[in-house]
Amino acid sequence: MTKLNFEPGAPVAEGGIPLCVPELRGNEWAYIKECIDTNFVSSVGPFVDRFERDLANYTGVKYAVATATGTAALHISLLVAGIGADDEVLVSTLTFIAPVNAIRYVGARPVFVDAEPEYWEMDPQKVRDFLKNDCQRVDGELRNLHTGRRVRAIMPVHILGHPVDMDPIMALAQEYNLVVIEDATESLGAKYKGVMTGRIGQIACFSFNGNKIITSGGGGMIVTDNEAWARKAKYLTTQAKDDPLEFVHNEIGFNYRLTNLQAALGCAQLEQLDDYIAVKHRIAESYTNAFAGVPGITPMRQADWADSIFWMYTLLVDETLYGMDSRALMRKLAKEGIQARPLWQPVHLSPAHTGSYAVDCSVAERLNRDALSLPSSVGLSPEEQQRVVNIILDKE
Ligand SMILES: Cc1ncc(COP(=O)(O)O)c(C=O)c1O
């Protein structure tokens, strides 16, 4: 049995197939060398500016601010949107935990929203039901009837590279005067009705963590059309310096800067993003074709209003029909040196966030039980993919 390192982005043992690792095949080396040759290796430099400019152009937003991580981008986005102590933010429960942690960093509380069963994204109907039935306007402010807290924002998380159904979310946000902060960390390049994720809400965040479609080693980006918010985001991520010479700081800032080295990697990766999306589509199509009609296997789908990037290919395993559950299938793949993983524990069940309000989240709980993400690296070869498929079809 091949021994695997299960950390996302970590090198996999000889002969193994990792879940989702970086693909470095463009100008990465040349740009990193340029940083070293010019001595711009730290938190300022031409690649930071260029990465911000290129990302803003790619997504079609006016301003982009680079950050050390996607989590830092989410933290700062909440701050510039004015979310603070005892505010509430509606957030997808079926997500990696980072956006919920960011809500807590600013002293606010999550209100967990279930996933819809078709595409597994935040359910706009449940957002509507909560706002309509569980909230009340008191002195011009929207209050959660159960907690008494002020409801201020919605943070839809576009999971697995597929967009959330944003039109109803935006309409509700307008009706109830809520800010929309998109967590687009898994969906760079995905479109909702032809519009890039990240330019639908008032502010959005991307991640360039090692397992994302493109990586800067680690890193994030805040994007917005709001100039004042962009300026504030830059200020807060760079230690809130008001007088850099005399070290005057009027606010508490953060050292959330991306280094020029990381940005150099990011610039080179961004040049290849469209190719990578095409590869992800091919990988998804092959998996979906291979599993069509297999009893108990439900492949992930794409809504007709969506251009998914199929960041991480995921399927559902029905134990009764397939003959084993998702965790047993994961162990079977692992025995052959193949990394697969379940979706995240829905965050309303996370011990880290007990005591927060949640709507009925039974869909997310079922998805968590049944889902399994399969190897989806841009560098996955057709032969490797066939090995994964053969084990799932039990042809080995
Ligand atoms: C949905 C989601 N939000 C936020 C993050 C945080 O990004 P980072 O790891 O760059 O902090 C991630 C992934 O890492 C993510 O998958």
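Read-outs throughout are calculated quantities, based only on the coordinates presented, and are distinct from any laboratory measurement. Model, not experiment: these values are computed from the prediction. Every residue, glycine as well, gets a Cβ built from its backbone with ideal geometry; the counts of neighbours run over all protein chains shown.
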request  = Using Cα positions and a limit of under 16 Å, work out the aspartates and glutamates in reach of Lys335, with same-chain residues fewer than 8 apart set aside.
outcome  = Glu14, Asp325, Glu384, Asp394, Glu396
request  = Using a cut-off of 14 Å between beta-carbons, work out the net charge of the residues near Tyr31 (Lys and Arg +1, Asp and Glu -1, Tyr31 not included).
outcome  = -3
ask   = For the stretch 55-123, what does the equivalent ellipsoid look like in terms of its semi-axes, each the square root of 5 times an eigenvalue of the Cα gyration tensor, given largest first in whole Å?
value = 22, 19, 10
request  = Given a cut-off of 27 Å, name the pairs among Lys62/Lys212; Lys126/Lys332; Lys132/Lys280 whose C-alpha atoms lie farther apart than that in the structure shown.
outcome  = Lys126/Lys332; Lys132/Lys280
remark   = With the label point 7 Å along the Cα-to-beta-carbon line of Arg327 and a cut-off under 13 Å to each amide N, the hits in the stretch 352-376 are 368-371
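Only Lys, Arg, Asp and Glu count, each charged at its Cβ (+1, +1, -1, -1), so figure out the dipole size of the chain about its Cα centre, rounded to 20 debye.
Working: 37 positive and 50 negative charges, 83 e Å.
For this selection, approximately 400 debye.
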remark   = Projecting the Cα atoms of Ile32, Asn57, Ile17 onto the charge dipole of the stretch 14-62, where Lys and Arg contribute +1 and Asp and Glu -1 at Cβ, the residue farthest towards the positive end is Asn57
task = Please give, to one decimal in nm, the separation of the simple spin-label points placed at Thr298 and His146, each 7 Å out from Cα toward the Cβ.
result = 2.4 nm
message = Let me check against my output: what whole-number percent is the relative contact order of the stretch 70-227, with C-alpha pairs under 8 Å and at least 6 apart?
response = 22 percent
key: the stretch 58-168 - share of DSSP beta bridges that are antiparallel (%, nearest 5)   = 40 percent
query = Counting only residues 5 or more places away or on other chains, whose amide H sits under 5 Å from the amide H of Glu121 once H atoms are built in the peptide plane?
reply = Glu116
task = Provide Rg over Rh for the chain; use the alpha carbon set for both Rg and the Kirkwood Rh (inverse mean inverse pair distance).
result = 0.98
message = For the chain, give me the percentage of DSSP beta bridges that are antiparallel, rounded to the nearest 5 percent.
response = 60 percent
task = Anything in the chain that counts as a DSSP H helix reaching 18 Å or more along its axis (C-alpha) with Kyte-Doolittle mean of at least -0.5? List them, would you?
result = 273-291
key: Mean Cβ count within 10 Å, highest first, over the residues of peptides 111-118, 245-252, 153-160   = 153-160, 111-118, 245-252
query = Which value in Å does the Kirkwood hydrodynamic radius of the stretch 249-325 take, with 1/r averaged over all unlike C-alpha pairs and then inverted?
reply = 16.1 Å
inquiry  = Just to check, using Stokes-Einstein with a Kirkwood Rh over alpha carbon pairs, what's the diffusion coefficient of the stretch 111-242 at 37 °C and 0.692 mPa s in µm²/s?
reply    = 205 µm²/s
